[in-house]
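First the structure, which I've put down as structure tokens, then a few questions once you've had a look.
The values are calculated or read from the model by the stated rules, or taken from the named source; none is laboratory data. The structure presented is a predicted model; accordingly, all values stated were derived computationally and were not measured. So basically every Cβ, Gly included, is an ideal-geometry build from the backbone, and we count neighbours across all protein chains shown.
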Amino acid sequence: MPVLHEWHTRTASLHGELADAEPSFDNLRTAILGISQHIGRAQAEAILARFGAKAITAKPNVPGLDETQYPQAFALCLEVLAGRVDATSSAVAS
């Protein structure tokens, strides 16, 4: 059984809520905001940065996630929420 990051107990409810959800804007926003609130802003920013974004949607002069990136970004959010991945590192918990 893999070793999970300590935050997985704080994010279990949100992970359960989103686990079978579609990678829509609203669900991605919920995941990013939940990660920021329950784990830390650094994790949320690291997820966005992996996709070259600073926000979920484009704001004037702020690179945002493109709709085509939602599925991969959402999948990463779910892995972080489950405690299996630390988005601030390149390593997966094992």
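Residue by residue, here is whether (1) at pLDDT 95 or above; (2) closer than 20 Å to Thr9 by Cα; (3) exposed (fewer than 14 other Cβ atoms within 10 Å of the Cβ) holds:
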| position | (1), (2), (3) |
| --- | --- |
| Ala19 | yes, yes, yes |
| Gln43 | yes, yes, no |
| Gly52 | no, no, yes |
| Pro63 | no, no, no |
| Glu67 | no, no, yes |
| Ala73 | yes, no, no |
| Glu79 | yes, yes, no |
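Given the condition touching a residue at least 40 places away in the same chain (Cβ under 8 Å), under 19 Å from His5 (Cβ atoms) and of a type in the set (Gly, Ala, Ser), answer yes or no: does some residue in the stretch 47-65 qualify? Talk me through it step by step, then tell me what you get.
Let us first name the residues in the stretch 47-65 that are touching a residue at least 40 places away in the same chain (Cβ under 8 Å), namely 47.
If we keep only those that are under 19 Å from His5 (Cβ atoms) as well, we get 47.
Now drop any that are not of a type in the set (Gly, Ala, Ser), which leaves none.
No, the stretch 47-65 contains no residue that is touching a residue at least 40 places away in the same chain (Cβ under 8 Å), under 19 Å from His5 (Cβ atoms) and of a type in the set (Gly, Ala, Ser).
How many of the residues making up the stretch 4-45 are among the aromatic types (Phe, Trp, Tyr) and free of Cβ contacts under 8 Å to residues at least 24 places away in the same chain?
Selection size over the stretch 4-45: 0.
Hey, can you tell me all the residues within the stretch 12-62 that are under 16 Å from Ala75 (Cα atoms), in a helix (DSSP H, G or I) and among the charged types (D, E, K, R)?
Glu17, Asp26, Arg29, Glu45, Arg50
Could you tell me how many of the residues in the stretch 63-75 are touching a Lys or Arg at 6+ places or on another chain (Cβ under 7 Å) and in a helix (DSSP H, G or I)?
Qualifying residue count, the stretch 63-75: 0.
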